[in-house]
Amino acid sequence: MEVFKNALSSTDGFGICMYDEAEKESHVFHIGTRVTIEDFDTSAQDGSLIVTVYGHENFRIHTLHENTEGFLFAEYESIPLWPEVEIKMDQQELADKLKQMFNKHPELNELNQQKQFNNLSWLCQRWLEILPVPACDKQALINTTSCQNTYDYLMSIMQETH
């Protein structure tokens, strides 16, 4: 709760990174997202904290330090956002399947107020958020200069026969 209180008081937000169970020294992947808290509530079912965050930018950690209170601090650099890419006709399937997913799972639909179904970069980022892709694969895909590798990866998954 102390970390959460600290995050609420910060106008700069805080970083969220994926957890790496295989890593021995640092269990945090070095690519993350700077976020700010948009809303929070407690679950009526079990009292757990439910937090809605807004992602501002991705970053790459250079060094990571823990203070005496257990907070992690990092020296980092921002990773440029993927440029917007207008989808082509043969890429429309990615948008159509995401719309189907949003219709089937309204809670996912509510997470994205401003949808950009014509922007391939936005589509690829949403798919990376919701698909159970291994964290090491997500890290490699995020750490690129455009969405093309992610698009190719997603299409290979969607075209596999199940």
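Those residues that are surrounded by 15 or more Cβ atoms within 10 Å (Cβ to Cβ) and either over 14 Å from Trp82 (Cα atoms) or modelled with pLDDT under 90 (or both), I need them from the stretch 112-138; list them, please.
The answer is Lys115, Phe117, Trp127, Val133, Ala135, Lys138.
Determine the pairs where a residue that is within 18 Å of Ala95 (Cβ to Cβ) and outside the structural domain of Ile16 (by TED's automatic domain parsing), located within the stretch 133-162, has a partner that is surrounded by 12 or more Cβ atoms within 10 Å (Cβ to Cβ) and among the aromatic types (Phe, Trp, Tyr) with Cβ atoms under 6 Å apart, the partner being 6 or more residues away or on another chain.
What qualifies is Ser146/Trp82; Cys147/Trp82; Leu154/Trp127.
So Thr33 clears everything in (1) in a loop (DSSP other than H, G, I, E, B); (2) within 26 Å of Ser146 (Cα to Cα) except one condition, right? Which one?
That leaves (1) as the condition not met.
Residues in the stretch 39-51: is at least one aromatic (Phe, Trp, Tyr), at pLDDT 85 or above and at negative phi?
Within the stretch 39-51, one or more residues are aromatic (Phe, Trp, Tyr), at pLDDT 85 or above and at negative phi.
Tell me, which helices (runs of 4 or more DSSP H) lie completely within the stretch 60-162 with 2 or more residues that are polar (S, T, N, Q)?
92-104, 120-130, 148-159
Look through Asp41, Asp46 and report the one residue that is part of a loop (DSSP other than H, G, I, E, B) and outside the structural domain of Gln148 (by TED's automatic domain parsing).
Only one candidate passes the filter, namely Asp46.
The values are calculated or read from the model by the stated rules, or taken from the named source; none is laboratory data. Quantities reported herein were computed from a predicted structural model and do not represent experimental measurements. Note that each Cβ is placed from the backbone with ideal geometry, even for glycine, and that neighbours are counted across all protein chains shown.
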